[in-house]
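The values are calculated or read from the model by the stated rules, or taken from the named source; none is laboratory data. Remember, it's a predicted structure, so these values are computed and weren't measured experimentally. Using ideal geometry, Cβ is built from the backbone for each residue, glycine included, and neighbour counts are taken over all protein chains shown.
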């Protein structure tokens, strides 16, 4: 009975370890897909004449947004996600857009960020069609914090800057974390901003709550 019990325990231990390994591989694939998506978004360029001059948006200055009769339909769909939408956001103004699920809120954000290309002459920044702006420069003026946005199994600093940190500006990271009100949580950890987020690959990693995850996402806005 003793031998059988030990054998049974070993089998269960082996199966448990195999399950953990399977979860690690699954999480690695998931993170890999996230980085692939980020790379695709960052490298995306609209089909425009490369010789066409581009306008640069000065992020140090406030800007206004105007949307004129914007309609948008997804490929292979007969239903319009947005239909003849017009609105104006003045410089320094704060607004909230509310609506039922599927009413087009996320679609509007994607179009505003040019993750989807809007129809010509529908979205204007400071009176200029958004398509006329230099894409990389244009996107540096926006920050998006999604409700269920993922963080990565990297250090705190790498999660904020979304790139490998060979030499981290600790003071800057500290300021950013204070603005997002996450500094007390992070600097209570033994490794501070070098702490790994999640415990997928590090038992000593920082486990964040849902609200703390959103604060870490918000930190990218202040970097």
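Results, tabulated for the structure shown:
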| quantity | calculated |
| --- | --- |
| Of all residues making up segment 187-223, the number that are under 20 Å from the mean Cα position of the chain (by Cα) and part of a helix (DSSP H, G or I) | 14 |
| Search result, residues across segment 192-215 that are more than 20 Å from residue 28 (Cβ to Cβ) and touching a residue at least 24 places away in the same chain (Cβ under 8 Å) | 192, 193, 194, 212, 214, 215 |
| Verdict on residue 218 being surrounded by fewer than 14 Cβ atoms within 10 Å (Cβ to Cβ), in contact with a helix residue (DSSP H, G or I) (Cβ under 9 Å, 6 or more places away or on another chain) and either farther than 28 Å from residue 24 by Cβ or touching a residue at least 60 places away in the same chain (Cβ under 8 Å) (or both) | no |
| Selection from segment 54-67 of residues that are out of contact with any helix residue (DSSP H, G or I) (no Cβ under 9 Å at 6 or more places or on another chain) and surrounded by 14 or more Cβ atoms within 10 Å (Cβ to Cβ) | 63, 64, 66 |
| Every pair of residues 6+ apart whose Cβ atoms lie under 9 Å, when the first sits in segment 89-103 and is in the same structural domain as residue 126 (by TED's automatic domain parsing) while the second is exposed (fewer than 10 other Cβ atoms within 10 Å of the Cβ) | 89/95; 91/61 |
| Restricting segment 140-163 to residues that are at pLDDT below 80 and over 20 Å from residue 175 (Cα atoms), the residue that is surrounded by the most Cβ atoms within 10 Å (Cβ to Cβ) | 149 |
| Subset of segment 58-72 (residues that are at pLDDT 85 or above and either within 25 Å of residue 136 (Cα to Cα) or not assigned by TED's automatic domain parsing to the domain that holds residue 110 (or both)) | 63, 64, 65, 66, 67, 68, 70, 71, 72 |
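Residue-by-condition table, conditions (1) surrounded by fewer than 18 Cβ atoms within 10 Å (Cβ to Cβ); (2) touching a helix residue (DSSP H, G or I) at 6+ places or on another chain (Cβ under 9 Å); (3) at pLDDT below 85:
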position: 172; (1), (2), (3): yes, no, no
position: 185; (1), (2), (3): yes, yes, no
position: 188; (1), (2), (3): yes, no, no
position: 194; (1), (2), (3): yes, yes, no
position: 197; (1), (2), (3): no, yes, no
position: 200; (1), (2), (3): yes, yes, yes
position: 208; (1), (2), (3): no, yes, no
position: 213; (1), (2), (3): no, no, no
position: 223; (1), (2), (3): yes, yes, yes
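Every residue, every condition in (1) farther than 30 Å from residue 198 by Cβ; (2) modelled with pLDDT of 75 or more, yes or no:
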position: 12; (1), (2): no, no
position: 46; (1), (2): yes, no
position: 91; (1), (2): yes, yes
position: 99; (1), (2): yes, yes
